[in-house]
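The values are calculated or read from the model by the stated rules, or taken from the named source; none is laboratory data. Source: prediction; values computed, not measured. As a convention, Cβ positions derive from the backbone with ideal geometry for all residues, glycine included, and neighbour counts pool all protein chains shown. Just the protein is used for accessible areas: all its heavy atoms, side chains included, with ligands, DNA and RNA removed. Shrake-Rupley method; radii C 1.70, N 1.55, O 1.52, S 1.80 Å.
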Amino acid sequence: MPASTVRKRSRSRIIGAAALAAGAALMLAACGSTKDTASPGGGGGAGRVGVILPLLTSPFWQSYNDYVPKMATSEGVEVLKTVNSNSDPSQQITDIDNELTQGVKGLVVAPLDSAAVQAGLDQAERKGVPVVAVDVAPDKGKVAMVVRADNVAYGEKACDYLGQHVSSGKVVQIMGDLASVNGRDRSEAFRSCVKKKYPKLTVLEIPAKWESDTAAAKLDTLLGANPDIKGIYLQAGGVYLAPTLQTLKSKNMLKPAGQQGHIAIVSNDGIPQEFDAIRKGRIDATVSQPADAYAQYGLYYIKAAMAGKTFKPGPTDHGSTIVRLPNGILEDQLPAPLVTKANVDDPKLWGNTVK
């Protein structure tokens with residue numbers, strides 16, 4: 001075969017191979033483009049999101065759990081079935097790892113322990129998966145945003161309510177888990193406020209770790225030794241309301257508001273059961289912790305984080321303020337109003353929308 005013919009055929013093969021390669025590249029590009037625009041797993045903030053709950057024994061967290069799929073639809077986020085860590089910080093780290101193994105592109109976590117959750121946050125950071133923390137701020141670790149109400153204000157509102165309705169005597173605060181920043185913030189704020197503004201009140205404390213049985217047993221013992229209690233602050237109505245009312249009833253100390261011997265009670269959460277208790281005069285007030293907004297903005301911020309969006313401290317367009325915590329993490333502090341008999345029927349309160 002002449003050399004010129006060989007050269008011509010070689011050039012033909014090269015041109016043909018290049019054309020095939022170009023065609024294949026175009027096909028791959030087209031497939032990739034289709035996946036990015038049509039598939040939930042594409043870029044631009046899309047992808048499956050894991051939502052991890054701290055517990056489901058509280059009506060508050062049951063409500064939050066119910067809001068998650070509704071808010072996921074409204075925010076355009078694909079969420080996996082929620083995972084319940086069942087009040088176990090170690091289990092929560094395992095839950096985070098399991099969600100990462102399933103290939104989630106974002107995580108919304110309600111930490112049980114502000115320090116222990118760092119192990120899970122570090123796992124997510126190593127995999128490049130953003131995390132939004134709801135309700136509890138971590139002490140350390142990377143999160144795109146904390147969605148939370150001002151828990152210091154919770155303790156101060158409870159203090160002011162009791163201080164204005166109990167002139168002197170003993171008041172009890174049934175505290176949350178002090179391994180959680182929420183328990184620490186509420187406890188210290190209540191304690192400091194009473195000391196500063198209402199010195200005629202004496203604060204007795206029950207560390208109850210968000211456990212209803214613990215709260216009931218310790219309250220029973222405390223009331224036995226201190227039958228002259230004038231007021232009670234429940235740091236979590238979702239787990240403490242029922243055992244507190246039952247314990248008071250068993251000791252014939254559950255008197256309706258306005259009746260002699262009534263013990264003033266202010267709670268936290270804003271669940272329907274608290275509203276019902278306010279209407280019946282069994283408790284006097286609660287701080288409405290926004291379960292609906294926790295779900296909505298937890299998913300809003302994780303979608304933004306997956307798309308690479310960042311935020312700065314300052315007022316938001318939804319009536320809250322983003323602040324920078326001492327550890328450098330940003331926190332969107334959502335409104336949490338005090339609810340009393342005067343406004344308990346307000347239809348805007350999420351506790352009045354739950355069926």
Is at least one residue of the range 162-179 over 20 Å from ALA336 (Cα atoms) and of a type in the set (Asp, Glu)? yes
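Is there a residue in the range 207-223 that is among the β-branched types (Val, Ile, Thr) and without any contact (Cβ under 8 Å) to a residue 12 or more places away in the chain? Break it down into steps so the answer makes sense when it comes.
Step one: list which residues in the range 207-223 are among the β-branched types (Val, Ile, Thr), which gives 214, 221.
Next, from what is left, pick out any that are without any contact (Cβ under 8 Å) to a residue 12 or more places away in the chain: 214, 221.
Within the range 207-223, one or more residues are among the β-branched types (Val, Ile, Thr) and without any contact (Cβ under 8 Å) to a residue 12 or more places away in the chain.
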For the range 306-318, indicate whether the set of residues that are open to solvent by 50 Å² or more (accessible area, probe 1.4 Å), on the phi > 0 side of the Ramachandran plot and out of contact with any strand residue (DSSP E or B) (no Cβ under 9 Å at 6 or more places or on another chain) is non-empty. yes
Are any residues in the range 169-196 touching a helix residue (DSSP H, G or I) at 6+ places or on another chain (Cβ under 6 Å) and over 16 Å from PHE60 (Cβ atoms), and if so, which ones? VAL171, GLN173, MET175, LEU178, ASP185, ALA189, PHE190, CYS193, VAL194
Kindly indicate the residue of the range 245-292 that is of a type in the set (D, E, K, R) and closer than 17 Å to ALA336 by Cα and also most open to solvent (accessible area, probe 1.4 Å) among those meeting that condition. ASP292
Count - residues of the range 323-355 that are aliphatic (A, V, I, L, M), open to solvent by less than 50 Å² (accessible area, probe 1.4 Å) and touching a residue at least 40 places away in the same chain (Cβ under 8 Å): 8
Search the range 192-206 for residues being open to solvent by 60 Å² or more (accessible area, probe 1.4 Å) and in contact (Cβ under 8 Å) with a residue 24 or more places away in the chain, and hand back the single one that is nearest to the chain's Cα centre (by Cα). GLU205
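Looking for whichever is open to solvent by 10 Å² or more (accessible area, probe 1.4 Å) and in contact (Cβ under 8 Å) with a residue 40 or more places away in the chain here; the options are TYR233, TYR301, TYR240, TYR297. Which one fits?
Numbers: TYR233 fails: open to solvent by 10 Å² or more (accessible area, probe 1.4 Å); TYR301 fails: open to solvent by 10 Å² or more (accessible area, probe 1.4 Å); TYR240 fails: open to solvent by 10 Å² or more (accessible area, probe 1.4 Å).
After ruling out the rest, the residue left standing is TYR297.
Residues that are more than 23 Å from SER58 (Cβ to Cβ): find the strands (runs of 3 or more DSSP E) completely inside the range 261-338 holding 2 or more of those.
Numbers: elements: 264-269, 285-288, 321-324, 330-334.
Output list reads 321-324.
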Select from the range 86-109 the residues that are crowded, with 23+ Cβ neighbours inside 10 Å and within 17 Å of the chain's Cα centre (by Cα) and write down the one among them that is farthest from ALA144 (Cα to Cα). GLN92
So the check is Cβ under 8 Å with 6+ separation or different chains; which pairs have a first residue in the range 141-165 that's farther than 18 Å from GLN289 by Cβ and open to solvent by 30 Å² or more (accessible area, probe 1.4 Å) and a second one that's charged (D, E, K, R) and outside any helix (DSSP H, G or I)? HIS165/ASP284
